[in-house]
């Protein structure tokens, strides 16, 4: 029998050592957050340089915590995107709330497996409450339910899986892999979405074993919303050809422009063809918090499933996504498995059971039976704590301010002669194109100038924004999603754009 190595105590610190490390990490986090405005938004090191920086063998022995934290300070901070900076206008990942940061640490310390009620009773109750809050926010009714997932991509995949199950009247227990007629019916299914939709829908179609042609990517109108007339015609043509509409997908805040599809019309089309209505509200869902702006989302309350992403406008750290489903029991039946090693019989197994407090309140829920995830992190904790600490009104005020700051930028750009607005500026995204007037240029040359504009600003670290393709042309994209951002930060960005434009015109080969 092999000898058991003797523990020297290094791995199991005492309380004082634990507290010392914790306070040191809090100091490091505070230092990082306080230093964001004085740091470059984007680090200058190349991928090869970063690989060299971290080129080392797996250590045989551990190092002291102070030395390790210093390595974070010296190597990690300078070479990371300064997400929380008021000069960051990139993708939809705002600086998380302090309460959420520490809630994440508490979650890690507790290390609950929120897969089943028996293993994590409090975590299950908290997630049920958070899901209930979201379902009520979107007006989904007492029979609705949902589950937290890693993010919008996973939620969209789940939504399409539910659409297939509804269309074929199947669930995980009724599917027979040898049922050729079922396979033939699956091949007839069609899914309809805007060309501006997130790439996760294409991935989902592939993961679900469907043909890429089964995803109909519909043209958009001038505001980059799905064209409902073309959609209606396409669905009728598919039915006439013997195909079956399976899901109409609405986008409530596209990644490119923040555009919101005409959800009410899409809901009507889905009902007309008796198919699933899924809404991807990963970005725009937080608009429901605002009494001022939530009318833009009219029709979302009719969705069969909704994707939400609290790690966007709810200011939670990654990962924090979710899917809400109008028929909570259908969600459960679609993913219900009964492993013998931690099965809990719940009242949901009794078809006559009904709790007036809404679906599954008062019941022992096992969340592994509501989606693909087995082992699950207690991600609901950070949402529960931040929503209780912040309150709906403050969240709504932050969302409204971001929307209005994006509109301030749009108004300032309209006053210039060389920056042309492209998108609708519906939410917190402003899309525009730099079109210098000093001399004639081809559209392709202007495309390159816009790429150069983004690359120059990125390289110099004064700000960060992205570029995308709209109307087949390169377009600059600014996303305002920072509760600390003010009008002065928008004016500073405009000055960066003007300075960079002047320098690029003087030196077209680069600055």
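The values are calculated or read from the model by the stated rules, or taken from the named source; none is laboratory data. Just so it is clear, the model here is predicted, and its values are computed rather than measured. Glycine also receives a Cβ, built like all others from the backbone with ideal geometry; neighbour counts cover every protein chain displayed.
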Qualifying helices (runs of 4 or more DSSP H) (wholly inside the range 113-219; at least 3 residues being closer than 22 Å to residue 302 by Cβ, touching a residue at least 12 places away in the same chain (Cβ under 8 Å) and out of contact with any strand residue (DSSP E or B) (no Cβ under 6 Å at 6 or more places or on another chain)): 121-137, 152-168
Complete set of residues in the range 361-378 that are under 24 Å from residue 142 (Cβ atoms), touching a strand residue (DSSP E or B) at 6+ places or on another chain (Cβ under 8 Å) and assigned to a loop (DSSP other than H, G, I, E, B): 371
Any hit, the range 89-112, residues being in contact with a strand residue (DSSP E or B) (Cβ under 8 Å, 6 or more places away or on another chain) and more than 16 Å from residue 315 (Cα to Cα): no
Test: residue in the range 286-295 that is in a strand (DSSP E or B), crowded, with 24+ Cβ neighbours inside 10 Å and in contact with a helix residue (DSSP H, G or I) (Cβ under 6 Å, 6 or more places away or on another chain): no
Given (1) at pLDDT 90 or above; (2) assigned to a helix (DSSP H, G or I); (3) farther than 29 Å from residue 377 by Cβ, number of the condition residue 102 does not satisfy: (3)
Search result, residues across the range 223-237 that are touching a helix residue (DSSP H, G or I) at 6+ places or on another chain (Cβ under 9 Å) and either part of a helix (DSSP H, G or I) or modelled with pLDDT under 95 (or both): 228, 231, 232, 235
Any hit, the range 439-458, residues being buried (at least 21 other Cβ atoms within 10 Å of the Cβ), assigned to a loop (DSSP other than H, G, I, E, B) and in contact with a strand residue (DSSP E or B) (Cβ under 8 Å, 6 or more places away or on another chain): no
Qualifying residue in the range 76-94 (condition: surrounded by fewer than 20 Cβ atoms within 10 Å (Cβ to Cβ), touching a residue at least 24 places away in the same chain (Cβ under 8 Å), assigned by TED's automatic domain parsing to the domain that holds residue 312 and over 25 Å from the mean Cα position of the chain (by Cα)): no
